[in-house]
Amino acid sequence: MYIDRDDVVAILGGADAVSLLDRSTKGAESVAPKTNTTVLRPVDWVKPSVDRASRFERRLLFENFTIAGFTELRAELEDELRIAPTDTVRYQLATVLAQCMPTRLSLERANYLLGRATGPGSDLSNNLRDRAAEVHRSVRTMLAESKSGASGKLTQVNWGIYNRCPLVCVGCYNIFNSRTLPLRNAMMVAEKLVAAGVEELVISGGDPLEWDDILTFVDHAYHCGLRVAIDTVGYSLTAEMAEALRGKITYLGLPVDGSAQEVIAGFRKGKNDLFVRIRHALELCSEYEIAVKVNTTVTAGNIDDMEDVAQMLCQYGSIVSWSMFQWWDLRATPALTARMQIETTRFRERTQQLKRAYPQLGIWAQDVDRRARTHFFISANGEVYTFDSGALATIIIGYIGAQTVAELIASPALRKDSPKFTRSFPVSRRQQETLVG
């Protein structure tokens with residue numbers, strides 16, 4: 001895998017980038033071509049850029065972003081609040097209360113702490129005051145929604161079932177913890193979802209096609225009665241795999257982030273032949289009659305290429321839907337955000353133009369605000385997340401192995417007007433004709 005040095009620095013930031021580059025290039029000169037590239041370790045080594053001297057900031061490192069890690073941090077902050085209360089500690093504790101397994105009671109406490117921390121005489125720096133205000137807005141929104149009494153049946157679940165990927169995507173939202181549920185446990189979770197009334201399962205990663213047990217798991221989920229879809233980067237799809245998946249998945253999600261490799265490389269790093277591989281995957285899906293949902297992350301670097309992408313997609317009859325997502329700055333550095341972010345107004349205008357011009361592509365566009373706290377996302381280690389558009393970024397709802405689905409969806413962090421409670425998979429043209437007939 002080869003990544004431009006500037007991209008590594010943009011993803012990791014500062015000392016983290018330099019450290020990783022130094023480690024990854026040792027001994028590599030004899031095997032790597034003499035170009036302006038650097039051998040990068042697998043994506044699970046890519047860590048968020050944090051102040052490692054700060055116990056609070058270290059919670060964002062993948063190995064610490066777990067229920068256990070947050071539980072330990074909360075206990076330390078509670079002790080500190082009793083011994084030496086400051087507004088900084090109040091802000092930090094409130095963030096932890098809101099970011100890991102929030103309840104109405106813990107959010108009410110977080111609301112109180114943030115009110116104290118940002119009130120008159122606050123000792124917070126200007127930067128922390130702004131971040132505290134962002135967290136406070138999210139806390140108050142979740143509290144208001146939790147008091148509305150809204151509820152519903154969860155229809156669709158996303159599961160990042162495998163935490164390895166052949167690519168490094170700029171702004172990937174996943175938390176690449178080192179642990180993955182064994183196949184037996186994963187099968188039990190699938191059965192648990194069915195028993196709770198879940199109908200649709202979107203399997204992602206990492207890249208699920210890199211998981212040795214993916215075909216066995218899909219077979220089990222299918223026979224349990226789940227409608228299964230797979231979101232993949234498409235790099236590893238083979239004819240044998242397509243044949244095995246035919247008839248058992250509702251669609252295969254494939255990323256098309258540009259009409260040429262050089263455009264795609266602005267977002268998805270590590271494979272110089274990715275564009276060719278994705279087009280091959282589209283052809284395989286046509287050959288084996290697998291419906292395709294195209295996924296596009298719209299950034300400042302590819303928004304002007306979307307017309308060419310649309311024209312290319314019209315060549316493939318297997319495409320039943322085109323999902324366009326505004327790039328999300330989850331855990332991104334300010335420099336990366338400045339380079340990638342697209343304004344919401346421009347995103348909406350461009351996607352509306354494409355919807356009118358290409359109705360046959362079934363375009364479905366979602367900006368960041370509309371996606372906030374709508375995901376019911378099972379991580380590879382079994383912890384359940386949702387994603388916030390504010391300072392909280394990722395919120396841990398709970399653990400699928402120890403809690404019921406009903407308990408998890410009751411979390412105030414999950415919006416009950418989420419499309420996960422109402423949305424169905426896209427329907428292929430052939431299925432549409434069958435339904436009409």
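The values are calculated or read from the model by the stated rules, or taken from the named source; none is laboratory data. All figures in this text were calculated on a predicted structure; none of them were measured in a lab. So basically every Cβ, Gly included, is an ideal-geometry build from the backbone, and we count neighbours across all protein chains shown. Only protein heavy atoms, including side chains, enter the accessible area calculation; ligands, DNA and RNA are left aside. Shrake-Rupley method; radii C 1.70, N 1.55, O 1.52, S 1.80 Å.
Structure above, values below:
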{"quantity": "Segment 111-128, subset part of a helix (DSSP H, G or I) and over 26 Å from residue 415 (Cα atoms), residue least open to solvent (accessible area, probe 1.4 Å)", "calculated": "117"}
{"quantity": "Count - residues of segment 146-169 that are closer than 20 Å to residue 377 by Cβ, polar (S, T, N, Q) and either out of contact with any Gly (no Cβ under 9 Å at 6 or more places or on another chain) or assigned to a helix (DSSP H, G or I) (or both)", "calculated": "4"}
{"quantity": "Evaluation of residue 143 against (1) part of a loop (DSSP other than H, G, I, E, B); (2) at pLDDT 80 or above (one fails), failing number", "calculated": "(1)"}
{"quantity": "Condition broken by residue 365, with the remaining ones in (1) open to solvent by less than 30 Å² (accessible area, probe 1.4 Å); (2) modelled with pLDDT of 90 or more satisfied", "calculated": "(2)"}
{"quantity": "Matching option when the condition is within 30 Å of residue 337 (Cβ to Cβ) and modelled with pLDDT under 75, among 429, 423", "calculated": "423"}
{"quantity": "Odd one out for residue 334, checked against (1) surrounded by 15 or more Cβ atoms within 10 Å (Cβ to Cβ); (2) more than 26 Å from residue 252 (Cα to Cα)", "calculated": "(1)"}
{"quantity": "Qualifying residue in segment 233-244 (condition: of a type outside the set (Gly, Ala, Ser), at pLDDT below 95, under 25 Å from residue 317 (Cβ atoms) and surrounded by 19 or more Cβ atoms within 10 Å (Cβ to Cβ))", "calculated": "yes"}
{"quantity": "Positions within segment 305-318 being under 24 Å from the mean Cα position of the chain (by Cα) and open to solvent by 10 Å² or more (accessible area, probe 1.4 Å), in sequence order", "calculated": "305"}
{"quantity": "Strands (runs of 3 or more DSSP E) wholly inside segment 307-418 containing at least 3 residues that are closer than 15 Å to residue 158 by Cβ and not aromatic (Phe, Trp, Tyr)", "calculated": "383-387, 394-399"}
{"quantity": "Counted residues, segment 337-358 - those being without any contact (Cβ under 8 Å) to a residue 40 or more places away in the chain and within 22 Å of the chain's Cα centre (by Cα)", "calculated": "5"}
{"quantity": "Residue check for residue 36: touching a Leu at 6+ places or on another chain (Cβ under 9 Å), modelled with pLDDT under 95, open to solvent by 30 Å² or more (accessible area, probe 1.4 Å) and of a type in the set (S, T, N, Q)", "calculated": "no"}
{"quantity": "Residue count for segment 267-295, restricted to those that are open to solvent by less than 30 Å² (accessible area, probe 1.4 Å) and assigned to a loop (DSSP other than H, G, I, E, B)", "calculated": "3"}
{"quantity": "Residue 84 vs. criteria farther than 26 Å from residue 174 by Cα, modelled with pLDDT under 95 and among the hydrophobic types (A, V, I, L, M, F, W, C)", "calculated": "yes"}
{"quantity": "Count - residues of segment 382-402 that are open to solvent by 10 Å² or more (accessible area, probe 1.4 Å) and over 22 Å from residue 111 (Cβ atoms)", "calculated": "4"}
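Conditions tested, residue by residue: (1) at pLDDT 65 or above; (2) assigned to a helix (DSSP H, G or I); (3) under 30 Å from residue 143 (Cβ atoms); (4) more than 22 Å from the chain's Cα centre (by Cα).
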position	(1), (2), (3), (4)
19	no, yes, no, yes
28	no, no, no, yes
31	no, no, no, yes
41	no, no, no, no
70	yes, yes, yes, no
73	yes, yes, yes, yes
79	yes, yes, yes, yes
